[in-house]
Amino acid sequence: MKLTTSLMFVLSVAVASPVLSQDGGKQEQRQRPAPFQQFFTLPSIEFSKEQQAKVDDLYESFLPKLTKNQKDWGGGITEVQQRSLREAQRKARGDGKEGGEFQQAVNATIKFTDEQKKQRAAIQEERNKLPGQMRTQLTALLTDDQRTRTRQRQPARNQLAPTHADVKYGPHGRNVMDVWLAKSDKPTPVLVSIHGGGFRGGNKSVSGGILKECLDSGISVVASTYRLSDEAIAPAQFLDSARAIQFMRQNAIEWNFDPTRLAATGGSAGAGLSLWLGFHNDLADPDNEDPVLRQSTRLTCMAVFNGQTSYDPRFIRDLFPDTTTYKESALAQLFGVDLDKLDDLPKEKYRLFEEVSALPHLTKDDAPAALFYASKLDTPITSQGIGIHHPRFGKALKEKMDGLNIECEVHAGIPRGDEWTQLTVDFVKKHLGVE
């Protein structure tokens, strides 16, 4: 799940600024970059005059915070460290690293003092919070139609078109799925891909490599989405994902699915949702008036990437002591709480933490799981983004699953790529009974 939105402080959006001539007169306006302006625009959205005025006010209110954070982040570093930093960044880019992997590679080459680490951790915490705060306030200005357009998926390049696109599986706007049917005379097993995005972004998607490998192996594929946390807090995302599984089973005959062989995969938030489905008691309600909700939510196996095995901030605080990982802003938004007051929340919030975490639901009759992480077990926690995607989550799950004699694989230091694709597909095929 990418719970932390990377805040890249760059100057990219131009705005008109007057330039003074030597005699004090104004020359013709020219375009000059406005710092951080790119964070206050949305793809495919044209603001009305009234909206733009509010966006401008929002920009002015955040500009001092963004400017100070950028200045603080660059300050307190020696010239030697700055040179090393630039060299490490060039090398990481040359090696094709992006996102968390890029940051980890850079951090590993710089030797900060304990005091510098402490200062940068505090600055990073603020840096992690700002994108979510800006995005929340920006999207609050949108009309319903604009909000829908911001969430529309951009089609993946060179990816096979789904057999059935944008199938509605529930009553909410984001209760949709894409379905790729494998060619087979017999009912096919199914892999559902649940997207990540910190529960506040993302849309239905599946890795092109996994899609091809599955279809070639006779495994049908479904990509589903769910309500985001700016629309509804937990457990909405979890119940939506459960309903998607039930809807697939409800349509098993029409789509030639084998309802007894259903696996799940996903990254980050999608990983957490997959594991929750695999461990939670069956949500089937045989007497429900809605035939979809009479279906089972159980899974055959899960193979996930950079997954969280618990969303309980108390658990995360214990798992990563001396870090602020548990204060991840996406978690605060998911639960609708102030995590600075973690020890003084209403009891129902603590129950909610446990309800939507996978680990508390694990019992001896649950499905096997494979967890893959880009970081290594000894990767230092230098940011919330690294912490929330760290293999310690997988290690904690494996210890518990080993005690229950349930198969659990944890692979650390496996970035997205061919090896990850093959390991994921091999695990899924093994447990779906596909040769």
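The values are calculated or read from the model by the stated rules, or taken from the named source; none is laboratory data. These figures come from a predicted structure and were not determined experimentally. Note that each Cβ is placed from the backbone with ideal geometry, even for glycine, and that neighbours are counted across all protein chains shown. Keep in mind that these areas ignore ligands, DNA and RNA; they rest on the heavy atoms of the full protein, side chains included. Shrake-Rupley method; radii C 1.70, N 1.55, O 1.52, S 1.80 Å.
Which residue is surrounded by the most Cβ atoms within 10 Å (Cβ to Cβ), if the candidates are limited to the range 355-392 and must be assigned to a loop (DSSP other than H, G, I, E, B) and among the charged types (D, E, K, R)?
Pass one, the range 355-392, residues assigned to a loop (DSSP other than H, G, I, E, B): 356-358, 362-368, 374-383, 389-391.
Filter once more, so that each one left must be among the charged types (D, E, K, R): 364-366, 376, 378.
Details: LYS364: 9, ASP365: 10, ASP366: 20, LYS376: 13, ASP378: 8.
The selected residue is ASP366.
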>> Can you report the number of residues in the range 289-337 which are of a type in the set (Phe, Trp, Tyr) and open to solvent by 10 Å² or more (accessible area, probe 1.4 Å)?
In response: 3
>> Looking only at the range 173-184, count every residue that is modelled with pLDDT of 95 or more and either of a type in the set (A, V, I, L, M) or open to solvent by 50 Å² or more (accessible area, probe 1.4 Å) (or both) and tell me the total.
In response: 7
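Quick one: is LYS65 modelled with pLDDT of 85 or more, of a type in the set (D, E, K, R) and either farther than 30 Å from ASN306 by Cα or open to solvent by less than 60 Å² (accessible area, probe 1.4 Å) (or both)? Before you say what the answer is, go through the steps one by one.
Values: modelled with pLDDT of 85 or more: yes; of a type in the set (D, E, K, R): yes; either farther than 30 Å from ASN306 by Cα or open to solvent by less than 60 Å² (accessible area, probe 1.4 Å) (or both): yes.
The answer is yes for LYS65.
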> Residues in the range 335-357: is at least one out of contact with any Phe, Trp or Tyr (no Cβ under 7 Å at 6 or more places or on another chain), within 27 Å of ASN107 (Cβ to Cβ) and not hydrophobic (A, V, I, L, M, F, W, C)?
Replying inline: yes
> Hey, any hits in the range 216-226 for a residue that's within 20 Å of CYS301 (Cα to Cα) and in a helix (DSSP H, G or I)?
Replying inline: yes
>> Looking at the range 345-366, I want the residues that are free of Cβ contacts under 8 Å to residues at least 40 places away in the same chain and charged (D, E, K, R) and have a partner that is open to solvent by less than 40 Å² (accessible area, probe 1.4 Å) and assigned to a helix (DSSP H, G or I) with Cβ atoms under 6 Å, at least 6 apart or on another chain. Which pairs are those?
In response: none
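A quick yes/no check of all residues on (1) farther than 29 Å from GLU419 by Cα; (2) of a type outside the set (D, E, K, R); (3) part of a loop (DSSP other than H, G, I, E, B):
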site	(1), (2), (3)
ALA161	no, yes, yes
LYS183	no, no, yes
LYS186	yes, no, yes
ILE233	yes, yes, yes
> Among SER217, SER224, SER207, which is closer than 14 Å to GLY266 by Cα and open to solvent by 20 Å² or more (accessible area, probe 1.4 Å)?
Replying inline: SER207
> Could we say that LEU262 is assigned to a loop (DSSP other than H, G, I, E, B) and buried (at least 19 other Cβ atoms within 10 Å of the Cβ) here?
Replying inline: no
> If you take the residues of the range 48-61 that are in contact with a helix residue (DSSP H, G or I) (Cβ under 6 Å, 6 or more places away or on another chain) and either in contact (Cβ under 8 Å) with a residue 60 or more places away in the chain or surrounded by fewer than 17 Cβ atoms within 10 Å (Cβ to Cβ) (or both), which of them is farthest from PHE112 (Cα to Cα)?
Replying inline: VAL55
>> Taking the criterion of being in contact with a Lys or Arg (Cβ under 8 Å, 6 or more places away or on another chain) and under 30 Å from CYS214 (Cα atoms), would at least one residue in the range 279-290 satisfy it?
In response: yes
>> Taking the criterion of being in a helix (DSSP H, G or I), surrounded by 13 or more Cβ atoms within 10 Å (Cβ to Cβ) and modelled with pLDDT of 80 or more, would at least one residue in the range 37-44 satisfy it?
In response: yes
>> Criterion first (at pLDDT 95 or above, open to solvent by less than 40 Å² (accessible area, probe 1.4 Å) and within 20 Å of PHE305 (Cα to Cα)) does GLY267 satisfy it?
In response: yes
>> Residues that are in contact with a Pro (Cβ under 7 Å, 6 or more places away or on another chain) and either β-branched (Val, Ile, Thr) or at pLDDT below 95 (or both): does the range 319-339 have at least one?
In response: no
>> The conditions are (1) open to solvent by less than 20 Å² (accessible area, probe 1.4 Å); (2) more than 24 Å from ARG416 (Cβ to Cβ); (3) assigned to a loop (DSSP other than H, G, I, E, B), and ASN281 fails exactly one of them. Which is it?
In response: (1)
> What is the one condition in (1) open to solvent by 70 Å² or more (accessible area, probe 1.4 Å); (2) part of a helix (DSSP H, G or I); (3) closer than 23 Å to LEU215 by Cα that HIS431 does not satisfy?
Replying inline: (1)
